[in-house]
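Here is the structure we will look at.
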Amino acid sequence: MDVCLAMKGSRRHMPGSKSRGEDSQESKVEGSAGLPGKAGGPKDMETGKREYLEQIYRVIENGRFKDTWESLQQYHVPEWYEKIKFGIFIHWGVYSVPAFGSEWYSRNMYIQGSKEYEHHIKTYGRHKDFGYKDFIPMFQAENFHPEEWVELFKDSGAQYIMPVAEHHDGFQMYDSRLSIWNAKNMGPKRDVLGELTEECKKAGLINGASSHRVEHWFFMGRGKEFDSDIREPLKPGDFYWPAMPERDHHDIFSEPAPSQEFLEDWLCRTCELVDRYRPKILYFDWWIQHSAVKPYLRKFAAYYYNRADEWGEGVVINYKYDAFAFGTAVPDIERGQFADAKPYAWQSDTAVAKNSWCYTEGNDYKNSWQILCDLADIVSKNGRLLLNIGPKADGTIPDEDRRILTEIGRWLKVNGQAIYDARPWKKSAEGPTRIEEGQFTDKTERRFTSQDIRFTAKGDSIYGICLNMKGKNQVCIRSLRKAADADKSDFDGAIKSVEVLGYDRNPWWEQDREGLHVRTVEIDSHMPVVFRVEID
């Protein structure tokens, strides 16, 4: 049976009541001119894609940026991106309904013998009777209030927001004209990305979007290995298409190359995000690194940068590993960071939970102190932190996610001057605890001490962020020691004053050849403590 028609046989019925905003036919977000007409039947969508591809190629032909690495290296990171330091990632979708394992439930539930496979049979029945598509009518989002989300994000101190527009499961969280399988057409019956984008603009936050679509090439393929609802023939436009075999998704180049048809579909979907919602930041997951994707990746970057030229705005693409040629976009390190400061802008993305990016029952959470230590370390090295939360399927934000964001916001209200608009100092860090460099290193427990300090600079001030002063009343900042003759000290200036943000305004301090000694009342805080050193 054609998967596009399979919803008719679902054991769950689509919600009959209209959700807020269901009657509106167009997104209120500007920038949709030139898109194909409203999604209709397969022929209409295919015609729309062909017309859209022609538009994409015209924009590249007529624009400043061409689809070559040499041309794309004319790109410069916009000034506003250099200034921002903290953003919120949002993994929310159909996978939030089962809330089991992780956001990879749609893949893992079809892997025979996996914990997700066994859980699915026990909880929902056999896969041929209840497949992943059957979660869509259960994804009601009845408590989704985007204005409340954005208010929380702003109170957390975030400066930009990155909702997942489409995850590997292939369900679009926006009003697409290229596929019927989207949140405006079914499930919530709402343009989730559009509503969040509007609220971001009202709140003065920078709107972004992430696309994980390219991994859909193989994501549902294991469902063909037994009697499930993923069966041939699968055609473009079907929810589960293409569901290709998977060898080793970690070894990208061993996987079968995506077809031209799939890559053109990917290009159209990604450009649709640009034209409908004008995200200032576009984030990609790792599979764009496949060699077959590269020509289309260059086309997308050229299109996006040229469209930004038309808007008169600077934009950013986040990528992982070496998917882009250096200098053509902004590198991102997933669940990790650099060991040393970099002369270029970069980003780290991680989640409040250690085990999953989406909400699952029993998430293993980090604490806000860990996250703030990471934030200080990342900013000291010219990076910014994109922190993920996972709302529940009904649209409520879990209490623990909310508590962590509230604690981060409380700290930033006091200490934000050491983070926002700050630049790296000549030295990023001192102390015994080293950061392991690379992807997926943030699960390593770090035992920071009162000697572990991270540095930023702004105006006439150097900020020393002590990562752990619990129960301490003094610190020695060795990088600010008094320089001797011919000494190669990191610092050779005159200190005018020292301030402990949020504590004593006039602590005792003394500078000698050992360092800058600061003594204050005992600091009873689990959070990092910031010393502002004003230079004459």
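The values are calculated or read from the model by the stated rules, or taken from the named source; none is laboratory data. Predicted model only: the values in this text are computed from it and were never measured. Here the Cβ is made from the backbone with ideal geometry for all residues, glycine too, and neighbour counts use every protein chain on show. Side chains included, ligands, DNA and RNA excluded: accessible areas come from the protein's heavy atoms. Shrake-Rupley method; radii C 1.70, N 1.55, O 1.52, S 1.80 Å.
Mind checking whether some residue in region 129-151 is aliphatic (A, V, I, L, M), outside any helix (DSSP H, G or I) and over 18 Å from GLU225 (Cβ atoms)? Yes, there is a match, as at least one residue in region 129-151 is aliphatic (A, V, I, L, M), outside any helix (DSSP H, G or I) and over 18 Å from GLU225 (Cβ atoms). Looking at LYS366, LYS299, just one residue is over 19 Å from GLY157 (Cβ atoms) and either aromatic (Phe, Trp, Tyr) or out of contact with any Gly (no Cβ under 8 Å at 6 or more places or on another chain) (or both), and that residue is LYS299.
The single condition among (1) over 19 Å from TRP92 (Cα atoms); (2) touching an Asp or Glu at 6+ places or on another chain (Cβ under 9 Å); (3) among the small types (Gly, Ala, Ser) that ALA183 does not satisfy is (1). Flag not set for SER497, criterion: on the phi < 0 side of the Ramachandran plot, in a loop (DSSP other than H, G, I, E, B) and of a type in the set (S, T, N, Q).
Quick grid of which residues meet (1) hydrophobic (A, V, I, L, M, F, W, C); (2) at pLDDT 95 or above:
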residue: PHE491; (1), (2): yes, no
residue: TYR503; (1), (2): no, no
residue: ASN506; (1), (2): no, no
residue: PRO528; (1), (2): no, yes
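Is it true that GLN112 is of a type in the set (S, T, N, Q), more than 14 Å from ALA203 (Cβ to Cβ) and touching a helix residue (DSSP H, G or I) at 6+ places or on another chain (Cβ under 9 Å)? Yes. When region 433-453 is filtered for residues that are over 20 Å from VAL530 (Cβ atoms) and part of a loop (DSSP other than H, G, I, E, B), the ones remaining, listed by number, are ARG434, GLU436, GLU437, GLN439, PHE440, THR441, ASP442, LYS443, THR444, GLU445, ARG447. Counting only residues that are open to solvent by 40 Å² or more (accessible area, probe 1.4 Å) and free of Cβ contacts under 8 Å to residues at least 24 places away in the same chain, region 213-271 holds 8 of them. All of (1) over 14 Å from VAL330 (Cα atoms); (2) in a helix (DSSP H, G or I); (3) open to solvent by less than 30 Å² (accessible area, probe 1.4 Å) hold for ALA301 with one exception: (1).
Inspection of region 364-375 finds a residue satisfying the criterion of being assigned to a loop (DSSP other than H, G, I, E, B), within 22 Å of ARG446 (Cα to Cα) and either out of contact with any strand residue (DSSP E or B) (no Cβ under 8 Å at 6 or more places or on another chain) or aromatic (Phe, Trp, Tyr) (or both).
Considered as a group, the residues in region 328-363 that are of a type in the set (D, E, K, R) and assigned to a strand (DSSP E or B) include one that is surrounded by the fewest Cβ atoms within 10 Å (Cβ to Cβ), and that residue is GLU334. Here region 174-191 is the region considered, the condition is being among the aliphatic types (A, V, I, L, M) and open to solvent by 10 Å² or more (accessible area, probe 1.4 Å), and the residue that is farthest from PRO245 (Cα to Cα) is MET186. Evaluating ILE495 against the criteria (1) free of Cβ contacts under 8 Å to residues at least 12 places away in the same chain; (2) within 19 Å of LYS427 (Cα to Cα); (3) not small (Gly, Ala, Ser) leaves one unmet condition, (1). Looking across region 367-381, the residues that are in contact with a helix residue (DSSP H, G or I) (Cβ under 9 Å, 6 or more places away or on another chain) and crowded, with 18+ Cβ neighbours inside 10 Å come down to SER368, TRP369, ILE371, LEU372, LEU375, ALA376, VAL379. Of all residues in region 131-173, those being over 26 Å from LEU205 (Cα atoms), surrounded by 22 or more Cβ atoms within 10 Å (Cβ to Cβ) and not hydrophobic (A, V, I, L, M, F, W, C) number 6.
Would you confirm whether or not region 192-211 contains a residue that is among the charged types (D, E, K, R), assigned to a loop (DSSP other than H, G, I, E, B), surrounded by fewer than 24 Cβ atoms within 10 Å (Cβ to Cβ) and in contact (Cβ under 8 Å) with a residue 12 or more places away in the chain? Scanning region 192-211 turns up no residue that is among the charged types (D, E, K, R), assigned to a loop (DSSP other than H, G, I, E, B), surrounded by fewer than 24 Cβ atoms within 10 Å (Cβ to Cβ) and in contact (Cβ under 8 Å) with a residue 12 or more places away in the chain. When region 384-426 is limited to residues that are in contact with a Phe, Trp or Tyr (Cβ under 6 Å, 6 or more places away or on another chain) and under 22 Å from LEU501 (Cα atoms), the one that is surrounded by the most Cβ atoms within 10 Å (Cβ to Cβ) turns out to be ALA418.
Can you find a residue that is more than 30 Å from GLU313 (Cβ to Cβ), open to solvent by less than 40 Å² (accessible area, probe 1.4 Å), assigned to a helix (DSSP H, G or I) and modelled with pLDDT of 60 or more anywhere in region 72-94? Scanning region 72-94, I find at least one residue that is more than 30 Å from GLU313 (Cβ to Cβ), open to solvent by less than 40 Å² (accessible area, probe 1.4 Å), assigned to a helix (DSSP H, G or I) and modelled with pLDDT of 60 or more, so the answer is yes. Could you tell me whether any residue of region 481-491 is exposed (fewer than 14 other Cβ atoms within 10 Å of the Cβ) and assigned to a strand (DSSP E or B)? Scanning region 481-491, I find no residue that is exposed (fewer than 14 other Cβ atoms within 10 Å of the Cβ) and assigned to a strand (DSSP E or B), so the answer is no.
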